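Q: Sharing a structure here in structure tokens format.
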């Protein structure tokens, strides 16, 4: 099965790949050449650091190329799910006990970032939300125990 990816997430990954290939890779090659010019490579810390960085960058380039070639890019704007929660939904939740509000967007595993409130489709929270509608109440298994949330809003923002 191909991993789902939003079009916004795919664009972000393509931009990172482009930067790695056109900016970071040439800088590292230049740093290696400069470090080589300093002579003995056995005790040349700059050379070893540049080679290590080159390995990291090349690995990330391969990872991004693989991800983008094997992902299923889904255009959220074309999903016509209405108030039902599916991949790509931005969901507003209200904690039933505390009335605290939180908003999450359900995205693919490769683009999830909790700091930006992007949660993975395979996360427990997303799995509890998928298929539900605005106005439903869901119970989510959290590290501190079960918590109940009311779904106060569902939108699809491309």
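Coordinate-derived values only; no laboratory data. Just so we're clear, the structure is a prediction, and the values are computed from it rather than from any experiment. Cβ sites come from the backbone with ideal geometry, for glycine too, and all protein chains shown count toward neighbours.
Q: Under 37 °C and 0.692 mPa s, how fast does the chain diffuse according to Stokes-Einstein, given a Kirkwood radius computed over C-alpha pairs? Answer in µm²/s, whole number.
A: Details: Rh = 18.3 Å.
Roughly 179 µm²/s, to the nearest whole number.
Q: Compute a Gaussian network model of the chain, connecting alpha carbons closer than 10 Å, and tell me which residue from 64, 79, 93 fluctuates the most.
A: Among 64, 79, 93, the largest mean-square fluctuation in the Gaussian network model of the chain belongs to 79.
Q: Could I ask something else about it? What percent does the relative contact order of the chain come to when contacts are Cα pairs within less than 8 Å and at least six residues apart? It would help to have the intermediate numbers written out before the result.
A: On the way: 238 pairs, mean separation 38.6, N = 158.
Once normalised by length, the contact order is 24 percent.
Q: By count of other Cβ within 10 Å, fewest leading, how are 129, 17 ordered?
A: Details: 129 24, 17 17.
Arranged by neighbour count, lowest to highest, 129, 17 become 17, 129.
Q: At 7 Å along the Cα-to-beta-carbon direction for both residue 97 and residue 57, put a label point, then send me their distance in nm to one decimal.
A: In this crude spin-label approximation the distance works out to 5.0 nm.
Q: How tilted is helix 25-37 with respect to the longest principal axis of the chain? Cα atoms for both, answer in degrees (0 to 90, nearest 10).
A: Computed tilt is about 30 degrees.
Q: What is the calculated FRET efficiency for residue 113 to residue 27, with r their C-beta to C-beta distance and R₀ = 25 Å, to the nearest 0.05?
A: On the way: r = 26 Å, r/R0 = 1.03.
For residue 113 and residue 27, the calculated efficiency is 0.45.
Q: Would you calculate the separation in nanometres between label points at residue 122 and residue 19, each defined as 7 Å from the Cα along the Cα-to-beta-carbon direction?
A: 2.6
Q: Another question about this same structure. In the Gaussian network model of the chain, springs joining C-alpha atoms below 10 Å, which of 145, 82, 59 carries the largest mean-square fluctuation?
A: With Cα springs under 10 Å in the chain, the top fluctuation among 145, 82, 59 is at 145.
Q: Next question, about the same structure. What length, rounded to one decimal in nm, is gained on full extension from residue 48 through to residue 7, with 0.36 nm per residue of separation minus their alpha-carbon distance?
A: Numbers: separation 41, 0.36 × 41 = 14.76 nm, distance 3.77 nm.
Fully extending the segment from residue 48 to residue 7 adds 11.0 nm.
Q: Of the candidates 130, 119, 32, which one comes out as most mobile in a Gaussian network treatment of the chain with C-alpha springs shorter than 10 Å?
A: Answer for the Gaussian network model of the chain: 32.
Q: In nanometres, what is the gap between the two model label sites at residue 84 and residue 70, each 7 Å from Cα along Cα-to-Cβ?
A: Output for this residue pair reads 3.0 nm.
Q: Taking only Cα atoms, what is the 0 to 90° angle, nearest 10, from helix 7-19's long axis to the longest principal axis of the chain?
A: In the chain, helix 7-19 runs at an angle near 10 degrees to the longest axis.
Q: If you don't mind, another one. Quick one: helix 45-70 against the long Cα principal axis of the chain, what's the angle to the nearest 10°, folded into 0 to 90?
A: For 45-70 against the chain, the angle is about 40 degrees.
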